[in-house]
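The values are calculated or read from the model by the stated rules, or taken from the named source; none is laboratory data. Nothing here was measured: the structure is a model prediction, and the numbers come from that model. Here the Cβ is made from the backbone with ideal geometry for all residues, glycine too, and neighbour counts use every protein chain on show.
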Amino acid sequence: MSYFVTGATGFLGRHLLQNLLKRCGKTDKIYALVRKGSVAKLDRLVEHLGVIDGVIVPVVGDLTKPKLGLTPANLRMLSGKVRHFFHLAAIYDVTADEASNVQVNVEGTRHAIELATAIKAGCFHHTSSIAAAGNYNGVFREDMFDEASGLDHPYFRTKHDSEGLVRKDCKIPFRIYRPAIVVGHSQTGEIDKIDGPYYFFTLIKKMRQTLPSWMPTVGIEGSRINLVPVDYVVAAMDHIAHKSGLDGGCFQLVDPEPLRVGAMLNTFARAAHAPEMTMRIDSRMFAVIPPMVRGAIANLPPIKRFSTQLLKDLGIPRDALKYANQPTRYDNRETERALRGSKIKLPALETYAWRLWDYWERHLDPELFIDHSLEGRVKGRVVMITGGSAGIGKATAMKVAAAKGKVIIVARGQDELAAAKVEIEQAGGHCFTYSADLTDLKSCDELIKSVLADHGHVDVLVNNAGRSIRRSIALSYDRFHDYERTMQLNYFGSLRLIMGLLPKMTERKRGHIINISSIGVLASSPRFSAYVASKAALDAFSRCAQSEFSDSNISFTTVNMPLVRTAMIAPTKMYESVPTLSPEEAADLIVKAIIERPSRVATRMGIFAGALNALAPKAYEVIMNTAFTLFPDSAAAKGSKGREEAASSEQIAFASLMRGVHW
């Protein structure tokens with residue numbers, strides 16, 4: 001008993017081969033259609049399967065040609081020898097254009113039928129799809145075909161049309177299989193491309209990175225989405241294909257009780273240890289809005305641009321959203337009858353979702369294929385870091401220089417700059433130093449003029465230089481200059497550099513501005529009103545600037561830095577006993593900003609504090625007032641020279657709970 005398989009090297013095909021091989025006797029063959037350029041791919045598959053030479057025979061052909069482009073010699077070789085002809089080759093991609101869908105799905109099926117008829121194959125097994133039902137509103141049975149509706153999408157229409165060719169033109173016995181959305185192997189998680197629910201995995205991963213797993217979130221609820229693992233599909237096809245008395249039948253390989261979109265996403269969220277969408281908004285509620293109105297709103301330029309960018313950031317094709325509102329339910333009684341007694345059962349998604357997630361995260365996550373190296377971003381580029389002679393700035397400069405970037409460090413002290421330059425160059429980097437007082441706007445202007453004259457432009461500006469003051473407002477009534485000093489350096493100095501470098505960035509259509517802010521802006525830290533206000537001003541400017549320069553390839557990133565062990569916090573002895581980052585760990589956050597160019601880099605605690613403040617401001621106010629009472633002003637803030645007491649166990653515990661927040 002020999003087989004002919006199109007699409008043998010594809011996802012369904014290679015799993016089906018494993019099943020068919022178990023049925024092959026000593027003289028049986030599996031003839032696999034491959035393009036001329038894919039013979040080596042089949043050879044690798046044969047080697048991977050550990051097949052004895054000669055069992056799987058490559059047949060060079062082309063789906064787009066009559067009789068699949070086989071030579072007369074091949075036709076003679078196959079004539080009368082093929083008992084089962086499996087036609088799996090097709091486009092399984094809702095994002096493919098119409099011409100490609102027609103050429104492969106429709107014309108490819110026509111040519112496969114021609115070949116199967118010419119070689120007198122025993123049975124033609126056609127792999128269709130539940131897409132052949134289109135957007136039928138109701139239960140689509142296995143004996144239904146002409147009732148399909150809503151076939152305006154190229155993929156749905158061509159899957160329906162190709163199945164129609166089999167029903168109308170195939171003169172030899174045939175069987176049709178309509179799998180649901182095929183996901184990875186339920187035992188290994190293996191899959192070869194991102195499709196269906198996998199489009200939403202990036203969103204789930206971003207939620208996991210941003211929020212703690214126990215935090216409830218708002219999501220969507222839509223219609224039921226039908227998923228089946230590849231091992232179930234090929235096992236069912238293999239069994240049904242070899243069972244007598246089923247010619248002319250259509251078998252829907254589906255989940256009879258599929259999950260709704262929201263429940264499905266939550267299943268994968270649990271598998272990923274990401275927060276679940278506790279409150280789910282049913283997308284069908286928007287159906288009350290007339291389609292003409294919905295279309296007009298969706299096509300407004302600002303709405304369209306925003307939605308396009310959002311979907312792009314999440315890696316979700318617009319066509320994939322069609323799954324969320326698909327109204328069709330699928331009956332599979334014929335399939336269940338055919339599988340009775342076979343022990344082939346559809347596993348529940350909950351039992352293998354973790355395998356699908358694990359395989360995606362290890363092999364298919366788009367971030368795996370992005371150059372995440374710092375060198376890829378800064379090699380040969382000019383990176384200017386203020387406050388670069390010590391602490392976070394110097395640690396960042398060391399990392400950028402090691403990645404072959406042209407580092408410019410800026411600070412007031414020439415001796416400190418010289419020492420930092422020596423350290424960077426001894427480590428093999430290149431460093432340029434500029435002395436400037438960033439509280440003096442004239443000095444800022446001279447710095448910009450000198451840097452542009454020497455280097456022509458700046459690719460990345462890191463506004464790291466800053467001043468922090470820890471003093472309660474009650475002790476600041478007669479210290480208005482504290483607010484002026486912090487604002488002068490943290491806001492106006494940084495802003496002057498940005499305004500001086502932006503014109504050249506705009507001209508070159510390239511640039512990245514990173515502003516080192518504070519977790520205190522998100523947490524509204526008490527006793528840091530002067531510092532937090534100055535950083536918040538810079539944050540607000542960045543948000544406004546992002547909207548103005550997003551189409552100019554100029555990025556603005558705010559890094560809400562947690563508490564870092566630097567000279568800035570040294571006067572507050574209590575900080576010696578609470579969790580802090582080292583300058584090198586803080587520099588890693590800046591490196592992350594340089595590589596990924598996000599709008600914000602923040603710790604989970606910072607994001608949680610900001611979210612809690614927005615959702616329950618009065619409750620958050622109580623928490624922060626407790627902290628204000630628990631952590632008193634330092635002796636220096638009070639203007640005395642008394643010795644500070646060591647941090648109490650209560651202070652250490654609270655600081656550990658609110659890790660990284662300034663107290």
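Which pairs have Cβ atoms under 8 Å, sit 6 or more apart or on different chains, and link a residue in segment 464-481 that is surrounded by fewer than 17 Cβ atoms within 10 Å (Cβ to Cβ) to one that is at pLDDT below 85 and among the basic types (Lys, Arg)?
The qualifying pairs are Ser472/Arg527; Leu475/Lys638; Arg479/Arg471.
Taking helices (runs of 4 or more DSSP H) that do not extend beyond segment 380-491, which have at least 2 residues that are out of contact with any helix residue (DSSP H, G or I) (no Cβ under 9 Å at 6 or more places or on another chain) and of a type in the set (A, V, I, L, M, F, W, C)?
414-426
Would you mind finding the one in Gly61, Gly25, Gly69 that is farther than 23 Å from Pro229 by Cβ and exposed (fewer than 13 other Cβ atoms within 10 Å of the Cβ)?
Result: Gly25 is the single residue among Gly61, Gly25, Gly69 that is farther than 23 Å from Pro229 by Cβ and exposed (fewer than 13 other Cβ atoms within 10 Å of the Cβ).
Among the residues in segment 531-545, are any at pLDDT 80 or above and among the aromatic types (Phe, Trp, Tyr)?
Yes, segment 531-545 has at least one match.
For residues that are without any contact (Cβ under 8 Å) to a residue 40 or more places away in the chain and surrounded by fewer than 17 Cβ atoms within 10 Å (Cβ to Cβ), tally how many sit in segment 150-173.
Total meeting the criteria: 4.
Being at pLDDT 95 or above and in a loop (DSSP other than H, G, I, E, B) is the filter; apply it to segment 221-243 and report the residue that is surrounded by the most Cβ atoms within 10 Å (Cβ to Cβ).
Within segment 221-243, the match that is surrounded by the most Cβ atoms within 10 Å (Cβ to Cβ) is His242.
Considering (1) surrounded by fewer than 16 Cβ atoms within 10 Å (Cβ to Cβ); (2) within 24 Å of Val591 (Cβ to Cβ); (3) of a type in the set (Gly, Ala, Ser), say which one Ser518 fails and leave the rest.
Condition not satisfied by Ser518: (1).
Determine which single condition Gln252 fails, assuming it passes every other condition in (1) part of a loop (DSSP other than H, G, I, E, B); (2) touching a Pro at 6+ places or on another chain (Cβ under 9 Å).
(1)
Arg471 - would you say it is of a type in the set (D, E, K, R) and modelled with pLDDT of 95 or more?
no
Among the residues of segment 76-109, what is the count of those that are of a type in the set (D, E, K, R) and under 21 Å from Asp247 (Cβ atoms)?
2
Scan segment 596-623 and report the pairs whose first residue is farther than 20 Å from Thr580 by Cα and modelled with pLDDT under 80 and whose second residue is aliphatic (A, V, I, L, M) and surrounded by 14 or more Cβ atoms within 10 Å (Cβ to Cβ), with Cβ atoms within less than 7 Å and a gap of 6+ or a chain change.
Listed pairs, sorted by first residue: Tyr620/Leu612.
Within segment 187-220, restricting attention to residues that are within 11 Å of Glu276 (Cα to Cα) and part of a loop (DSSP other than H, G, I, E, B), which residue is nearest to the chain's Cα centre (by Cα)?
It comes out as Leu211.
Just the residues that are surrounded by 22 or more Cβ atoms within 10 Å (Cβ to Cβ), of a type outside the set (Gly, Ala, Ser) and out of contact with any helix residue (DSSP H, G or I) (no Cβ under 8 Å at 6 or more places or on another chain), please, taken from segment 94-143.
Within segment 94-143, just Ile130 meets the criteria.
Could you say whether any residue in segment 24-37 is at pLDDT below 90 and assigned to a helix (DSSP H, G or I)?
yes
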